[in-house]
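Q: Sharing a structure with you now.
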């Protein structure tokens with residue numbers, strides 16, 4: 001039996017609703033909690049504003065893509081990405097901490113610019 005046009009439309013609407021709820025859940029990070037964690041854990045090396053690291057070899061975090069920051073922290077935590085300092089720092093972070101930190105730093109204006 002061939003599905004009716006209405007049935008197909010309802011199925012598409014249900015799929016869209018499911019996808020949007022997944023997208024919302026992925027964006028449910030707490031920027032304020034990320035700021036609080038950043039001030040106590042990250043600011044000493046990366047600067048309070050995420051743009052002024054204490055060493056030029058340390059990355060600027062402000063304005064970076066959220067998914068990049070999450071992946072980097074998860075990789076430091078798992079050992080897939082190697083850095084002695086970040087390996088130690090990331091071990092104390094929960095998944096929620098990582099999501100919150102990434103959301104916070106992504107919300108900040110970055111000072112990195114592409115030179116042309």
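The values are calculated or read from the model by the stated rules, or taken from the named source; none is laboratory data. Remember, it's a predicted structure, so these values are computed and weren't measured experimentally. Reconstructed Cβ throughout: ideal geometry from the backbone, glycine too, with neighbour counts over all protein chains shown.
Q: Going through segment 2-48 one residue at a time, which ones are within 16 Å of the chain's Cα centre (by Cα), at pLDDT below 95 and surrounded by fewer than 16 Cβ atoms within 10 Å (Cβ to Cβ)?
A: Passing the criteria: 22, 23, 24, 25, 26, 27, 28.
Q: So, in segment 57-116, how many residues would count as being under 9 Å from the mean Cα position of the chain (by Cα) and either within 12 Å of residue 29 (Cα to Cα) or exposed (fewer than 14 other Cβ atoms within 10 Å of the Cβ) (or both)?
A: 14
Q: Taking residue 96 and the conditions (1) without any contact (Cβ under 8 Å) to a residue 60 or more places away in the chain; (2) over 18 Å from residue 47 (Cβ atoms), which numbered condition does it fall short on, given that it satisfies the others?
A: (1)
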